[in-house]
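Remarks on the structure that follows.
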Amino acid sequence: MAEYQLYCFAQSGNAYRAALMLNLIGADWEPIWVDFFGAMPQRTPEFRTDVNEMGEMPVLVHGKKKLSQSGVILTYLARHTGKFQPKDEDEELEALRWMIFDNQKVNGFLGPFRFLRIFAKPPGDPAVLAFLKGRIDGNLAIVNKRLTGRQFLISDRPTIADVSMSAYLYYPAEEFGFDIAKDHPAIGAWLDRVKALPGWKDPYDLMPGHPLAKG
Ligand SMILES: N[C@@H](CCC(=O)N[C@@H](CS)C(=O)NCC(=O)O)C(=O)O
(Lines give C-alpha, C1' and ligand atoms only; values in the text may rest on other atoms or scores of the structure.)
Protein backbone atom coordinates (compact mmCIF):
# COMPACT_ATOMS: atom_id res chain seq x y z
CA MET A 1 0.00 0.00 0.00
CA ALA A 2 1.22 3.48 -0.81
CA GLU A 3 2.16 5.85 2.02
CA TYR A 4 -0.72 8.23 1.25
CA GLN A 5 -4.21 7.57 -0.10
CA LEU A 6 -6.35 10.31 -1.56
CA TYR A 7 -10.13 10.10 -1.94
CA CYS A 8 -10.71 11.96 -5.18
CA PHE A 9 -12.23 12.00 -8.67
CA ALA A 10 -10.83 13.49 -11.87
CA GLN A 11 -13.37 16.30 -12.24
CA SER A 12 -12.71 17.70 -8.75
CA GLY A 13 -10.54 20.80 -8.72
CA ASN A 14 -10.59 20.74 -4.93
CA ALA A 15 -9.15 17.22 -4.96
CA TYR A 16 -6.70 18.17 -7.71
CA ARG A 17 -5.03 20.65 -5.34
CA ALA A 18 -4.09 17.74 -3.06
CA ALA A 19 -3.25 15.32 -5.89
CA LEU A 20 -1.02 17.92 -7.56
CA MET A 21 0.78 18.67 -4.29
CA LEU A 22 1.39 14.94 -3.69
CA ASN A 23 2.88 14.62 -7.16
CA LEU A 24 4.95 17.81 -6.91
CA ILE A 25 6.54 16.65 -3.64
CA GLY A 26 7.23 13.21 -5.14
CA ALA A 27 5.08 11.41 -2.53
CA ASP A 28 4.26 7.72 -2.69
CA TRP A 29 0.47 8.02 -3.07
CA GLU A 30 -2.51 6.33 -4.63
CA PRO A 31 -5.99 7.58 -5.46
CA ILE A 32 -9.19 6.08 -4.05
CA TRP A 33 -11.79 6.85 -6.69
CA VAL A 34 -15.11 8.25 -5.47
CA ASP A 35 -18.02 7.78 -7.87
CA PHE A 36 -19.19 11.30 -7.10
CA PHE A 37 -21.67 11.69 -9.97
CA GLY A 38 -22.87 8.05 -10.11
CA ALA A 39 -23.28 6.03 -6.90
CA MET A 40 -22.63 9.18 -4.82
CA PRO A 41 -21.06 7.45 -1.79
CA GLN A 42 -20.31 10.88 -0.35
CA ARG A 43 -23.98 11.20 0.57
CA THR A 44 -24.16 7.98 2.60
CA PRO A 45 -24.11 7.88 6.40
CA GLU A 46 -21.17 5.42 6.20
CA PHE A 47 -19.03 7.88 4.24
CA ARG A 48 -19.90 10.66 6.66
CA THR A 49 -19.00 8.49 9.65
CA ASP A 50 -15.94 6.70 8.26
CA VAL A 51 -14.41 9.13 5.76
CA ASN A 52 -15.53 12.74 6.10
CA GLU A 53 -18.45 14.14 8.08
CA MET A 54 -18.52 17.10 5.65
CA GLY A 55 -19.28 14.78 2.72
CA GLU A 56 -16.52 16.38 0.64
CA MET A 57 -13.47 15.41 -1.37
CA PRO A 58 -10.51 15.55 -1.09
CA VAL A 59 -9.72 13.38 1.91
CA LEU A 60 -6.09 12.45 2.56
CA VAL A 61 -5.25 9.32 4.53
CA HIS A 62 -1.78 9.11 6.06
CA GLY A 63 -1.43 6.24 8.53
CA LYS A 64 -4.02 6.87 11.23
CA LYS A 65 -4.64 10.43 10.08
CA LYS A 66 -7.57 11.40 7.87
CA LEU A 67 -7.60 15.00 6.72
CA SER A 68 -10.10 16.98 4.67
CA GLN A 69 -10.16 20.55 3.32
CA SER A 70 -7.51 21.01 0.65
CA GLY A 71 -5.94 23.95 2.54
CA VAL A 72 -5.44 21.74 5.59
CA ILE A 73 -4.03 18.93 3.45
CA LEU A 74 -1.57 21.27 1.70
CA THR A 75 -0.48 22.73 5.05
CA TYR A 76 0.04 19.25 6.50
CA LEU A 77 2.07 18.02 3.52
CA ALA A 78 4.22 21.17 3.46
CA ARG A 79 4.94 20.91 7.20
CA HIS A 80 5.80 17.22 6.95
CA THR A 81 8.06 17.43 3.93
CA GLY A 82 9.33 21.02 4.08
CA LYS A 83 8.33 21.42 0.43
CA PHE A 84 6.31 24.40 -0.83
CA GLN A 85 6.33 25.63 2.73
CA PRO A 86 6.07 29.32 3.54
CA LYS A 87 9.37 30.32 5.18
CA ASP A 88 8.20 32.18 8.30
CA GLU A 89 5.07 33.32 10.11
CA ASP A 90 4.46 36.28 7.80
CA GLU A 91 4.61 34.06 4.72
CA GLU A 92 2.47 31.43 6.42
CA LEU A 93 -0.27 33.96 7.14
CA GLU A 94 0.00 35.38 3.63
CA ALA A 95 -0.34 31.88 2.14
CA LEU A 96 -3.38 31.23 4.32
CA ARG A 97 -4.90 34.55 3.21
CA TRP A 98 -4.62 33.60 -0.49
CA MET A 99 -5.79 30.02 0.09
CA ILE A 100 -8.93 31.28 1.83
CA PHE A 101 -9.50 33.82 -0.97
CA ASP A 102 -9.09 30.98 -3.47
CA ASN A 103 -11.50 28.65 -1.63
CA GLN A 104 -14.15 31.32 -1.19
CA LYS A 105 -13.81 33.72 -4.08
CA VAL A 106 -11.96 32.03 -6.93
CA ASN A 107 -12.75 28.32 -6.80
CA GLY A 108 -15.79 29.22 -4.67
CA PHE A 109 -17.44 30.77 -7.75
CA LEU A 110 -15.58 28.94 -10.51
CA GLY A 111 -16.56 25.52 -9.08
CA PRO A 112 -20.35 26.05 -9.11
CA PHE A 113 -20.06 27.89 -12.46
CA ARG A 114 -18.31 24.95 -14.14
CA PHE A 115 -20.59 22.44 -12.43
CA LEU A 116 -23.77 24.22 -13.56
CA ARG A 117 -22.39 24.64 -17.09
CA ILE A 118 -21.20 21.12 -17.86
CA PHE A 119 -22.28 18.60 -15.21
CA ALA A 120 -25.68 19.66 -13.84
CA LYS A 121 -28.79 18.15 -15.34
CA PRO A 122 -30.58 20.32 -16.31
CA PRO A 123 -27.80 22.92 -16.73
CA GLY A 124 -27.84 26.05 -14.57
CA ASP A 125 -30.12 29.03 -15.10
CA PRO A 126 -28.37 31.58 -17.40
CA ALA A 127 -29.03 34.36 -14.87
CA VAL A 128 -27.20 32.40 -12.17
CA LEU A 129 -24.32 31.67 -14.55
CA ALA A 130 -24.11 35.35 -15.47
CA PHE A 131 -23.96 36.33 -11.79
CA LEU A 132 -21.19 33.80 -11.11
CA LYS A 133 -19.23 34.88 -14.21
CA GLY A 134 -19.27 38.49 -13.02
CA ARG A 135 -17.85 37.46 -9.64
CA ILE A 136 -15.25 35.20 -11.32
CA ASP A 137 -14.03 37.98 -13.64
CA GLY A 138 -13.64 40.41 -10.73
CA ASN A 139 -11.80 37.92 -8.53
CA LEU A 140 -9.50 36.65 -11.27
CA ALA A 141 -8.62 40.29 -11.99
CA ILE A 142 -7.51 40.61 -8.34
CA VAL A 143 -5.27 37.53 -8.71
CA ASN A 144 -3.95 38.80 -12.06
CA LYS A 145 -2.99 42.14 -10.47
CA ARG A 146 -1.30 40.32 -7.59
CA LEU A 147 0.79 38.27 -10.03
CA THR A 148 1.76 41.18 -12.25
CA GLY A 149 5.51 41.65 -11.79
CA ARG A 150 5.75 38.64 -9.45
CA GLN A 151 6.94 35.10 -10.03
CA PHE A 152 4.63 33.45 -7.51
CA LEU A 153 1.81 34.49 -5.18
CA ILE A 154 3.66 35.22 -1.96
CA SER A 155 7.37 35.02 -2.74
CA ASP A 156 9.87 34.36 -5.50
CA ARG A 157 9.47 30.63 -4.77
CA PRO A 158 6.34 28.55 -5.26
CA THR A 159 4.43 27.71 -2.05
CA ILE A 160 1.21 25.92 -1.14
CA ALA A 161 -0.65 29.13 -2.01
CA ASP A 162 0.39 28.63 -5.65
CA VAL A 163 -0.57 24.96 -5.63
CA SER A 164 -3.96 25.83 -4.17
CA MET A 165 -4.78 28.80 -6.41
CA SER A 166 -3.50 27.34 -9.68
CA ALA A 167 -5.09 23.89 -9.56
CA TYR A 168 -8.65 24.65 -10.59
CA LEU A 169 -7.43 26.88 -13.43
CA TYR A 170 -5.82 23.98 -15.33
CA TYR A 171 -9.15 22.45 -16.38
CA PRO A 172 -9.76 22.95 -20.11
CA ALA A 173 -11.00 26.35 -21.28
CA GLU A 174 -13.96 24.65 -23.06
CA GLU A 175 -15.27 23.56 -19.67
CA PHE A 176 -15.40 27.18 -18.47
CA GLY A 177 -16.46 28.64 -21.81
CA PHE A 178 -13.70 31.25 -21.60
CA ASP A 179 -9.92 31.19 -21.56
CA ILE A 180 -8.58 32.23 -18.16
CA ALA A 181 -4.92 32.38 -19.29
CA LYS A 182 -5.76 34.59 -22.29
CA ASP A 183 -8.12 36.91 -20.43
CA HIS A 184 -5.65 37.34 -17.54
CA PRO A 185 -2.08 37.31 -18.95
CA ALA A 186 -0.21 37.46 -15.62
CA ILE A 187 -2.21 34.41 -14.49
CA GLY A 188 -1.39 32.71 -17.82
CA ALA A 189 2.37 33.25 -17.39
CA TRP A 190 2.24 32.06 -13.76
CA LEU A 191 0.26 28.93 -14.74
CA ASP A 192 3.09 28.14 -17.18
CA ARG A 193 5.67 28.56 -14.38
CA VAL A 194 3.79 26.22 -12.02
CA LYS A 195 3.26 23.76 -14.87
CA ALA A 196 7.03 23.66 -15.47
CA LEU A 197 7.69 22.34 -11.93
CA PRO A 198 8.90 18.71 -11.79
CA GLY A 199 6.02 16.34 -11.08
CA TRP A 200 3.28 18.57 -12.54
CA LYS A 201 0.51 16.59 -14.22
CA ASP A 202 -2.83 17.44 -15.78
CA PRO A 203 -5.87 16.75 -13.53
CA TYR A 204 -7.25 14.22 -15.98
CA ASP A 205 -3.93 12.32 -16.00
CA LEU A 206 -3.53 12.37 -12.24
CA MET A 207 -6.92 11.33 -10.87
CA PRO A 208 -9.25 8.51 -11.94
CA GLY A 209 -12.70 8.81 -13.51
CA HIS A 210 -12.14 10.75 -16.75
CA PRO A 211 -14.00 10.79 -19.05
CA LEU A 212 -17.25 10.57 -17.15
CA ALA A 213 -19.45 7.60 -18.06
CA LYS A 214 -22.37 8.80 -20.19
CA GLY A 215 -25.73 8.64 -18.47
N1 LIG B 1 -13.13 23.89 0.62
C2 LIG B 1 -13.13 22.48 0.30
C3 LIG B 1 -14.13 22.23 -0.81
C4 LIG B 1 -14.30 20.75 -1.07
C5 LIG B 1 -15.48 20.49 -2.01
O6 LIG B 1 -16.47 21.25 -2.07
N7 LIG B 1 -15.36 19.37 -2.76
C8 LIG B 1 -16.44 18.98 -3.63
C9 LIG B 1 -15.92 18.17 -4.80
S10 LIG B 1 -15.10 19.22 -5.97
C11 LIG B 1 -17.37 18.11 -2.85
O12 LIG B 1 -16.96 17.08 -2.37
N13 LIG B 1 -18.64 18.51 -2.76
C14 LIG B 1 -19.64 17.72 -2.10
C15 LIG B 1 -20.73 18.59 -1.56
O16 LIG B 1 -20.56 19.81 -1.53
O17 LIG B 1 -21.73 18.02 -1.15
C18 LIG B 1 -11.72 22.06 -0.08
O19 LIG B 1 -10.94 22.90 -0.52
O20 LIG B 1 -11.37 20.88 0.12
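For the chain, the fraction of 1.4 Å probe accessible surface lying on carbon and sulfur atoms is 55 percent.
Take the convex hull of the alpha carbons in the range 1-81; its mean projected area over all directions comes to 5.1 nm². Can you tell which of 34, 147, 77 lies farthest toward the positive end of the dipole of the chain, using +1 and -1 charges on the Cβ of basic and acidic side chains (Lys, Arg; Asp, Glu)? Checked the options; the winner is 147. A cut-off under 12 angstrom between Cβ atoms defines the neighbours of residue 197, and their net charge, with Lys, Arg +1 and Asp, Glu -1, is +3. Using Cβ point charges alone (K and R +1, D and E -1), the dipole size of the range 59-215 about the Cα centre works out to roughly 420 debye.
At a Förster distance of 25 Å, what's the computed FRET efficiency of residue 157 paired with residue 72, Cβ-Cβ distance as r, to 0.05? That gives a FRET efficiency of 0.70. For the set 83/201; 121/214; 133/201; 105/133; 83/195, the pairs lying more than 20 angstrom apart at their alpha carbons are 133/201.
Scanning the chain for DSSP H helices at least 24 Å long along the axis (C-alpha atoms) with a Kyte-Doolittle mean no lower than -1.0 picks out 126-147. Going by accessible surface with a 1.4 Å probe and the largest first, 133, 214, 83 read 214, 83, 133. Stretched out straight at 0.36 nm per residue, the stretch from residue 181 to residue 141 would grow longer than its current Cα-Cα span by 13.3 nm.
The order of 49, 44 by accessible area, most exposed first and with a 1.4 Å probe, is 49, 44.
The GluC sites (Glu not before Pro) of the range 18-79 that DSSP puts in a loop, and whose beta carbon has at most 15 other beta carbons within 10 Å, are 53. Using the rule -39500 (n - 2.57) for each DSSP H run of four or more residues, divided by the residues of the chain, the 222 nm mean residue ellipticity is -14000 deg cm²/dmol. Once divided by 2.2 N^0.38 Å, the Cα radius of gyration of the chain becomes 0.99. In a simple Cβ point-charge model (Lys, Arg +1; Asp, Glu -1; nothing else charged), the range 30-90 has a dipole of about 160 debye relative to its Cα centre.
Its Cα centre serving as origin, the range 1-102 has a Cβ charge dipole (Lys and Arg +1, Asp and Glu -1) of approximately 200 debye. Per residue, the solvent-accessible area of the range 44-95 (1.4 Å probe, heavy atoms of protein chains only, all protein chains present) comes to 59 Å². Given the options 196, 55, 131, identify the residue whose Cα lies farthest towards the positive end of the charge dipole of the chain (+1 on Cβ of Lys, Arg; -1 on Cβ of Asp, Glu). Value: 131. Count the DSSP beta bridges whose two residues both fall in the chain, then state the antiparallel fraction as a percent rounded to the nearest 5. Roughly 60 percent of the beta bridges in the chain run antiparallel, per DSSP.
The values are calculated or read from the model by the stated rules, or taken from the named source; none is laboratory data. The structure presented is a predicted model; accordingly, all values stated were derived computationally and were not measured. In this analysis, Cβ positions are derived from the backbone assuming ideal geometry, glycine residues included, and neighbour counts consider all displayed protein chains. Surface accessibility is based on the protein's heavy atoms, side chains included, excluding ligands, DNA and RNA. Shrake-Rupley method; radii C 1.70, N 1.55, O 1.52, S 1.80 Å.
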